[in-house]
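J.: The structure is given below, and queries will be raised subsequently.
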Amino acid sequence: MSTDPLAQEFWKACAAGELRYQRCDACKQPQFYPRPFCAKCGSPKLNWATSKGQGSVYAVTTVERAPTEDFRALQPYAIALIDLDEGFRMMAHAEIGIKIGDRVQATFFAHGERQLPRFAPNA
Ligand SMILES: [Zn+2]
């Protein structure tokens, strides 16, 4: 488990079924992953916001050989870059079969001690 307090804030929200991201107070830029400063203007004044979890698939790949033992039970699985409607991009698990441009919705699944986001087709 990461000890980075910003990452912990994100994982705590995932455990509650929420996808959270940062928004800059100064320039309003959304960003993910969480950082101590705004990646656009450098301001340290960032707030957390909750995403509706809806977006579009920017890129997707299928992982046939998991990089670590704990993910081996899941293979094959899909990893995607998702453009969330709030204006940030994140990498996450996705359902096998989704394609670039598909509309998707965040769901969560238990993996070890965490709830991980996994994007599924938007019904
Ligand atoms: Zn900013």
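Every number in this text was worked out from the coordinates using simple rules, so none of it is lab data. Here the structure is a predicted model, which is why all the values come from computation and not from measurement. For neighbour counting, all protein chains shown are included, and Cβ atoms are generated from backbone atoms with ideal geometry for every residue, glycine included.
J.: Enumerate the amide H contacts of Phe108 below 5 Å, restricted to partners 5 or more residues apart or on another chain; note that Pro and chain-start residues carry no placed amide H.
T.: Arg118
J.: Determine the calculated [θ] at 222 nm for the chain from helices alone, applying -39500 (n - 2.57) to every DSSP H run no shorter than 4 residues and normalising by the residue count; nearest 500 deg cm²/dmol.
T.: Dividing the helical sum by the residues of the chain leaves -3000 deg cm²/dmol.
J.: Here is a further query. Okay, which of region 1-42 sit inside 17 Å, backbone N to the point 7 Å along the Cα-Cβ direction of Asp85?
T.: 18-21, 30
J.: Now, a different point. What per residue convex hull volume, in Å³, do the alpha-carbon atoms of the chain yield?
T.: Hull volume normalised by residue count: 109 Å³.
J.: Based on Cβ point charges of +1 for Lys and Arg and -1 for Asp and Glu, what charge dipole magnitude is obtained for region 5-121 about its Cα centre, in debye rounded to the nearest 20?
T.: Roughly 320 debye for region 5-121.
J.: Going by alpha carbons, how many degrees (0 to 90, nearest 10) lie between the helix axis of 5-15 and the longest principal axis of the chain?
T.: Once rounded, one gets 50 degrees.
J.: Among residues other than Arg23 whose Cβ falls under 13 Å from its Cβ, what is the net charge (Lys/Arg +1, Asp/Glu -1)?
T.: +3
J.: Still on this structure: Could you give each residue of region 25-34 its phi-based ³J(HN,Hα) in whole Hz, using Karplus coefficients 6.51, -1.76, 1.60 with θ = phi - 60°, and x for Gly or Pro?
T.: For region 25-34, the Karplus curve yields 5, 6, 10, 6, 5, x, 8, 8, 6, x Hz.
J.: Hey, another quick one. Find how much the distance from Val63 to Ala7 grows on full extension, using 0.36 nm per residue of separation minus their present alpha carbon separation; answer in nm with one decimal. Please list the in-between numbers first.
T.: Numbers: separation 56, 0.36 × 56 = 20.16 nm, distance 2.39 nm.
Separation in residues times 0.36 nm, less the Cα-Cα distance, equals 17.8 nm.
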